[in-house]
Structures are given as structure tokens and as C-alpha cells.
1. If I take all pairs of Cα atoms in the chain, what percentage of them are more than 15 Å from each other?
2. Could you derive backbone 3J(HN,Hα) for region 58-63 from the dihedral phi with the Karplus parameters 6.51, -1.76 and 1.60 (θ = phi - 60°), listing whole Hz in sequence and x where the residue is Gly or Pro?
3. For the peptides 36-47, 68-79, what is the packing order when you average, over each peptide's residues, the other Cβ atoms within 10 Å and list the highest mean first?
4. Suppose R0 equals 22 Å; then what is the FRET efficiency for residue 8 and residue 59 from their Cβ-Cβ distance, rounded to the nearest 0.05?
5. If you look for lysine pairs in the chain that are eight or more places apart or on different chains, how many of them have Cα atoms under 24 Å apart?
6. Take the Cβ-Cβ distance between residue 18 and residue 76 as r, set R0 to 25 Å, and report the resulting FRET efficiency rounded to the nearest 0.05.
Amino acid sequence: MWAPEGITPRELVATAKEKNIPSIASTYNEPMIAYEYLRDIAIEAHKIGIKIVTVDNGYITKRLAEKMAPFIDAANIDI
């Protein structure tokens, strides 16, 4: 699986847990470009109670929004 700088979802979430970080945000870039990566992070994060936040540019399709909805705890659409 592709991961930025070789960081797996499990490693990212483990680091957040170790540092007592309550949420992980995907922002500054369209997070749905790599939605599989974000989904996998969310799956791991939700196992231990870490929330997932996205900042989207508003170009997400209805189909993808519905697919990702179970994995996102909060979202902001920048216009």
C-alpha cells in the first residue's frame, strides 16, 4: 500500500496514541485523492477511540462521501 514517506496507517495511529493525540486530521490537500489510505487510518484509529477529521475542497462525489461517511467523525468543506 502507498503511504506518504513510508508511514503505514498502523504506524501513524500508534504514534498518535503514544503522544495522546485525540484526533487525526487530513487537510491542506484534497484528502479523498488517497481515500483508501485515509480509510485505513480511520479503521485503526477508531479501534482505540481516536477521531478522524477531514478538510475537503468540496469536489468529493456523493458516492465517495457516502462510502467514507462511516470513517469520518468531522468534516469541513472549504469554499
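Since every read-out is calculated from the coordinates, none of them should be taken as a lab result. Since this is a predicted model, take the numbers as computed values, not measurements. Ideal geometry is used to build each Cβ from the backbone, glycine not excepted, and the neighbour counts take in all protein chains shown.
1. Numbers: 1622 of 3081 pairs.
It works out to 53 percent of all Cα pairs.
2. Using θ = phi - 60°, the values come out as x, 9, 5, 7, 4, 4 Hz.
3. Values: 36-47: 18.3, 68-79: 12.4.
Descending packing order for the listed peptides: 36-47, 68-79.
4. Values: r = 27 Å, r/R0 = 1.22.
Given R0 = 22 Å and the Cβ-Cβ separation, E is 0.25.
5. Numbers: 17/47; 17/51; 19/47; 19/51; 47/67; 51/62; 51/67.
Lysine pairs meeting the criterion: 7.
6. Working: r = 27 Å, r/R0 = 1.06.
Taking R0 as 25 Å, the efficiency between residue 18 and residue 76 is 0.40.
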